[in-house]
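Working notes, beginning with the structure itself.
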Amino acid sequence: MEHYIYKNRQKLRCGYTTGSCAAAAAKAAAVMLLCQSSLKKIDLMTPKGILLHLDLHDVQITSSNVTCAVKKDSGDDPDITNGVLVYATVEKQTEPTISLKGGIGVGTVTKAGLEQPIGEAAINRVPRQMIKQELEQIKEDFDYTGGFCVTISIPKGVELAQKTFNPKLGIEGGISVLGTSGIVEPMSEQALLDTIELEMKVRRAGGKNYLIMAPGNYGLDFLREAYGIQDKDVVKCSNYIGQSMDMAADCKFQG
């Protein structure tokens, strides 16, 4: 991807989200299922208005379903999901709807306060919208009156999840399919704030009325040694203390 931003006088290459990968793979699989021929690339328009031209990997076509993958590219962002393959398997269904499931490596929501209800696959709202929008357009283009069942899988997600906040947030068995713009901006401050806010929402939905915040690891060590408060009970807010207090107020914590 050749889209750049400038930060601290550095030219940094943007990437695209797991949500974009999932939507592009689902779009490509649906097209190949209806036309029964293989594709090597697929185009995807992101919510940010940037058009992606993405290579397809591991294409498998049968008369009943098609599976393919898109490789995540995080650009110059230090993202542990960089290079993982995001798979979509698409099959026809008689109901004229588009259903969406999480396969291997896509986490399951186990706590309230997250974007999706407990028991649902951790595929966030915007990626879900992107997938459904693309597949509705394909139905129209091919004059197809049936529906699609889509399964998103990230085989390396089971291993990678242990290196993320997901287990702490209550997402088990894999990683989340994320993205609001479809594009990854390197070292995004907003991405950090979104993570902090999400952790707060999980605690609030879990019945916590008061929030404990620490700027970093020294704060966590102090709370543990001085008060016996464990890391899992603390939200780490880095240098974003003011913004974190505002978000805590928005979440209706009492203190």
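The values are calculated or read from the model by the stated rules, or taken from the named source; none is laboratory data. Note that the coordinates shown come from a computational prediction; the quantities given were computed from them, not determined experimentally. When we count neighbours, we look across all protein chains shown, and the Cβ atoms used for this are built from the backbone with ideal geometry, even at glycine. All accessible areas refer to the heavy atoms of the entire protein, side chains included, with ligands and DNA or RNA removed. Shrake-Rupley method; radii C 1.70, N 1.55, O 1.52, S 1.80 Å.
Compared with the dominant Cα axis of the chain, that is its longest principal axis, helix 125-141 is turned about 10°.
Applying Stokes-Einstein at 25 °C and 0.890 mPa s to the Kirkwood radius of the chain, computed over alpha-carbon pairs, gives a translational diffusion coefficient of 126 µm² s⁻¹. For the chain, the longest principal axis of the alpha carbon atoms and the long axis of helix 18-35 meet at an angle near 10°.
Quick one: length gained pulling His3 to Glu115 fully straight, 0.36 nm per residue minus the C-alpha distance? Intermediate values should be presented prior to the final figure.
Numbers: separation 112, 0.36 × 112 = 40.32 nm, distance 2.87 nm.
Full extension from His3 to Glu115 adds 37.5 nm.
Among Cys68, Gly174, Ala88, flag the residue with its Cα farthest along the positive direction of the charge dipole of the chain, charges on Cβ as +1 for Lys/Arg and -1 for Asp/Glu. Going by the charge dipole, the pick is Gly174.
Of the peptides 21-31, 75-85, the ranking by mean beta-carbon count within 10 Å, highest at the top, reads 21-31, 75-85.
For the chain, with all protein chains present and a 1.4 Å probe, just round the carbon and sulfur fraction of the accessible area to a whole percent.
Carbon and sulfur atoms account for 50 percent of the accessible area of the chain.
Sort 113-122, 209-218, 148-157 by packing, meaning the average of other beta carbons within 10 Å per residue, with the highest value first. Present the calculation step by step, with values, prior to reporting the outcome.
Working: 113-122: 16.6, 209-218: 13.5, 148-157: 23.2.
Peptide ranking by packing, descending: 148-157, 113-122, 209-218.
A Förster radius of 30 Å combined with the Cβ-Cβ distance from His57 to Gln129 puts the calculated FRET efficiency at roughly 0.80. Full extension of the segment from Phe142 to Lys48, taken as 0.36 nm per residue of separation minus the current Cα-Cα distance, would add 31.2 nm.
Relative contact order of the chain, taken over Cα pairs closer than 8 Å and 6 or more residues apart, is 20 percent. Dipole magnitude for the stretch 1-146: about 440 debye, using +1 per Lys or Arg Cβ and -1 per Asp or Glu Cβ, origin at the Cα centre.
Axis of helix 189-205 versus longest Cα principal axis of the chain: the two differ by about 80°, to the nearest ten degrees.
Mind giving me the FRET efficiency for Ile104 and Lys40? R0 is 22 Å, r the Cβ-Cβ distance, nearest 0.05 is fine. Can you show the working numbers first?
Numbers: r = 25 Å, r/R0 = 1.13.
Efficiency for this residue pair is about 0.35.
When only the Cβ of Lys, Arg, Asp and Glu is charged (+1, +1, -1, -1), the dipole of the chain relative to its Cα centre reaches about 260 debye.
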